[in-house]
Amino acid sequence: MSDALKILNSGELAIVKLYMPSCPPCKKLEPVLTQFAKETGIPIVAADLRVKCFDKAADRCGVDRTPTIIIIKNGREVARGFPRTKLGLARLVKRAKKA
């Protein structure tokens, strides 16, 4: 089992970041998300959605823009959002913990 699958199925919260390397908001969120993960201890699993595979990912994951942040617990989605700040990430995680 890959490290990503172990994290996603661990029973703990995990952050899934769906992004495209050329996306300006994705680039801006990266240091914020990295710092947030360090502070909270919540692991990040990143999925690079290149333009040529975006349609498949969008269909499969319901992603219509990047960056999309999905919070996973026990292998299932418990919250989804498009935060751009540490406060936005904290609110998304708080919502996930209530789910």
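The values are calculated or read from the model by the stated rules, or taken from the named source; none is laboratory data. Being a predicted model, the structure only gives us computed values, none of them experimental. What goes into the accessible areas is simple: the full protein's heavy atoms, side chains included, and nothing from ligands, DNA or RNA. Shrake-Rupley method; radii C 1.70, N 1.55, O 1.52, S 1.80 Å.
Name the lysines eligible as straight-distance cross-link partners of Lys73: C-alpha to C-alpha under 24 Å, and not fewer than 8 places from it in the same chain.
Excluding near neighbours in sequence, the set is Lys6, Lys17, Lys38, Lys56, Lys86, Lys94, Lys97, Lys98.
Using protein chains only and a probe of 1.4 angstrom, how many square angstrom of Arg84 are accessible, to the nearest 10?
Surface accessible to solvent at Arg84 totals approximately 100 Å².
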